Amino acid sequence: MKRLTPIAVIAATCVLALLYFGRDVLQPIALASILSLMIAPLVRQLRRRGRLGQMPATLVAVVIAASTVAAIGTVLAFQLAAVAGDLPKYRAAIRYKIEKVREVTERPFARLEAELNSVSPAVPAGPPAATAVTRKGQPQLVVNPSQPLPVEIRAPKVTTKDAIMRVVAYAWGPVGEAGIVLVLLIFILLEHDSLRDRLVMFAGQSERRRTIKALSDATAGISRFFFSQLVVNVTFGTVLGVGLWIAGIPHAAVFGALAAMLRFVPYLGVMIAAAAMTLFVAAIDPGWQLAVSCLTMFLVIEVVVAHIVEPKVYGRSAGMSPLAIIISALFWAAIWGPIGLLLSTPLTLCLVVAGRHVRSLETFSTLLGHATSMSAAERIYQRFLLGDTRAIIADARTYLRRSSFARYCDQILLPGLVLAVSDHELGQTDEAQEKRVRATIAEVAATLTPISNAPNRRARRRDVSLLDANVGAHLRQMREARLGRWQGSLDVADHSVVLCVGLPSERDDLLTELLVRSLREVGVDARSVTATVERDVPDNRRPDLVSTIFLAYPAAEALEQWLVAAREMRTNLPHALLATIRLPFDEDTPHQAIVDTQVDMVLRSFEEGLAFVLPDEKARKRGIAPYSMAAAA
């Protein structure tokens, strides 16, 4: 884990201060930069297909974009004006609804206040502020000296000139900022290639490839995000508008378009659109049923889009997690206000993309990215430490729907166990954690590979701990308790049994047991024994039953014992094929050449072991690539 140094804290504080106090300068630059990334593909298409130069293509693209926005805004403004013009028709319904709302909200509090006033002591009334008398037929106001004189303030009459100046003053700020953004947008598009080259040169010769990749990913990511957002929002507005039209709501298309536009503002826009639609429907209908129905329809569409459509679409296009989108909206809104809220997602997306290529910004990619950098092995080991068996089994069952238990062991379970062994050797896990890891492994393996063709008796479950048998021995005892002493019937066909053999160690016991369960899952009669130890043999011993022996690959400190076991297997089962599986964590061992000379075949994974013993046709049906001698060589 990276340590938080004082220099990093000071740098982060300076960056936040620069963003906040320099927002008047940075906001137009950021907005123009984001818009340039959106319009840049159109400029490239005009240059490529229209055979225009950089300046004509830029001007045409800006004119097209500005005209589109202005046309949509004008149409929407006229439609909203028409909606406002129709509101006086529903004045009676509006007054009725306001009165009903007052009854629900104000009157209970007024009643409570009256009750409190009735039990509180009365306050004596003060002298009257003024007394009206009549003298010669004219009213005269007599003022009490102890009371202030009431004064009425009247606003001066507003002239036409004053109204025009006030409108110009209000509009000058937004129009001026829009003009600045437009000018910056044009110059950024004109200098687009030059700016990219400058950034690449600024990064240095050694980082040139990474910088080009980061700029390309940022441009493509933002373009995909806005295109996806446009499609989703237009679909949302269309569905809502059609629903309102079916319900008989006037100006249904206006509220559909308004909802589609406001959804570009994260979270807040949806609430504004829902409130505007509900208030309008409540105003045009005497009752409440239509308003509640339309609000319910809005919420149902929003839930479907937000929780089903957007996670799939934005997860691939934006590369950000939903929580990251919320946090970025809160942060940029607090720093830059409404403009920051609108730009929150593209700005944060740029940080996420940069974090994938710049080491100093890697934190943003890890915390805000859609896909975590944690591997499947690290994730399952973390859950081993937590004892989260339910989550492991749920993920494993999802994985096993499209693959085999052998591949699950190769890609997830065994790499996770390697991490557990590494931490144990380094002393980074305590006794409670190791006990939890063992118990979780045992439960996961037993649940994912239930024992079939077993007698009708239940095996007595035992707790697995550091003081008890190791995990592999525990799982084998469970199998023997259900399948019998010899782990199955001896009255089977010749060359139908696959024997998995390991040395008397916790490592080999677990590996051989996982291999047995992987083989039995695909219908292979696999059994396991421990080598170089005294054990009972059946009276009707039949060496011809065994077709293949999988001898666990030796650890560095157990080579001599492994060689004895290999010779024993050759002597006792001379007709069986002897193989071993060299897993990734066994690669580059010093005794690798010696092991290769003692076995008939060296395989690389559990899945290769399945393909090796299964017929080609049966392997293909189970989605396992048939074993190829040429590929192995």
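Run Ser375 past the list (1) more than 18 Å from Thr449 (Cβ to Cβ); (2) of a type outside the set (D, E, K, R); (3) in contact with a Pro (Cβ under 9 Å, 6 or more places away or on another chain); (4) surrounded by 15 or more Cβ atoms within 10 Å (Cβ to Cβ) and report the number of the one that doesn't hold.
(4)
Look at Leu467 and say whether it is modelled with pLDDT of 80 or more and either aliphatic (A, V, I, L, M) or farther than 21 Å from Thr440 by Cα (or both).
no
Under 9 Å between Cβ atoms, which residue pairs at least 6 apart in sequence (or on different chains) link something in the stretch 393-420 that is closer than 15 Å to Ile441 by Cβ with a partner that is surrounded by fewer than 19 Cβ atoms within 10 Å (Cβ to Cβ) and of a type in the set (Phe, Trp, Tyr)?
The qualifying pairs are Tyr408/Tyr399; Ile412/Tyr399; Leu414/Phe585; Pro415/Phe585; Val418/Phe585.
Going by the conditions given, is Thr429 touching a Ser or Thr at 6+ places or on another chain (Cβ under 8 Å) and free of Cβ contacts under 8 Å to residues at least 60 places away in the same chain? Walk me through how you get there before you give the answer.
On the way: touching a Ser or Thr at 6+ places or on another chain (Cβ under 8 Å): no; free of Cβ contacts under 8 Å to residues at least 60 places away in the same chain: yes.
Spelling it out, it is not the case that Thr429 is touching a Ser or Thr at 6+ places or on another chain (Cβ under 8 Å) and free of Cβ contacts under 8 Å to residues at least 60 places away in the same chain.
Could you tell me which residue of the stretch 244-277 is nearest to Ala84 (Cα to Cα), considering only residues that are touching a Cys at 6+ places or on another chain (Cβ under 8 Å) and surrounded by 19 or more Cβ atoms within 10 Å (Cβ to Cβ)?
Among those residues, the one meeting the criterion is Met277.
How many residues are assigned to a loop (DSSP other than H, G, I, E, B), under 16 Å from Trp562 (Cβ atoms) and either within 43 Å of the chain's Cα centre (by Cα) or modelled with pLDDT under 85 (or both) if we restrict to the stretch 590-611? Steps first, please.
Taking the stretch 590-611 first, the residues assigned to a loop (DSSP other than H, G, I, E, B) are 590-591, 599-600, 604-605.
Among the residues that remain, those that are also under 16 Å from Trp562 (Cβ atoms) are: 590-591, 599-600.
If we keep only those that are either within 43 Å of the chain's Cα centre (by Cα) or modelled with pLDDT under 85 (or both) too, we end up with 590-591.
Summing the residues that are assigned to a loop (DSSP other than H, G, I, E, B), under 16 Å from Trp562 (Cβ atoms) and either within 43 Å of the chain's Cα centre (by Cα) or modelled with pLDDT under 85 (or both) in the stretch 590-611 gives 2.
When you check Leu578 against the structure, is it surrounded by 15 or more Cβ atoms within 10 Å (Cβ to Cβ) and part of a helix (DSSP H, G or I), yes or no? First the steps, then the outcome.
Details: surrounded by 15 or more Cβ atoms within 10 Å (Cβ to Cβ): yes; part of a helix (DSSP H, G or I): no.
Answer is no for this residue.
The values are calculated or read from the model by the stated rules, or taken from the named source; none is laboratory data. Here the structure is a predicted model, which is why all the values come from computation and not from measurement. Every residue, glycine among them, receives a Cβ derived from its backbone with ideal geometry; neighbour counts consider all protein chains shown.
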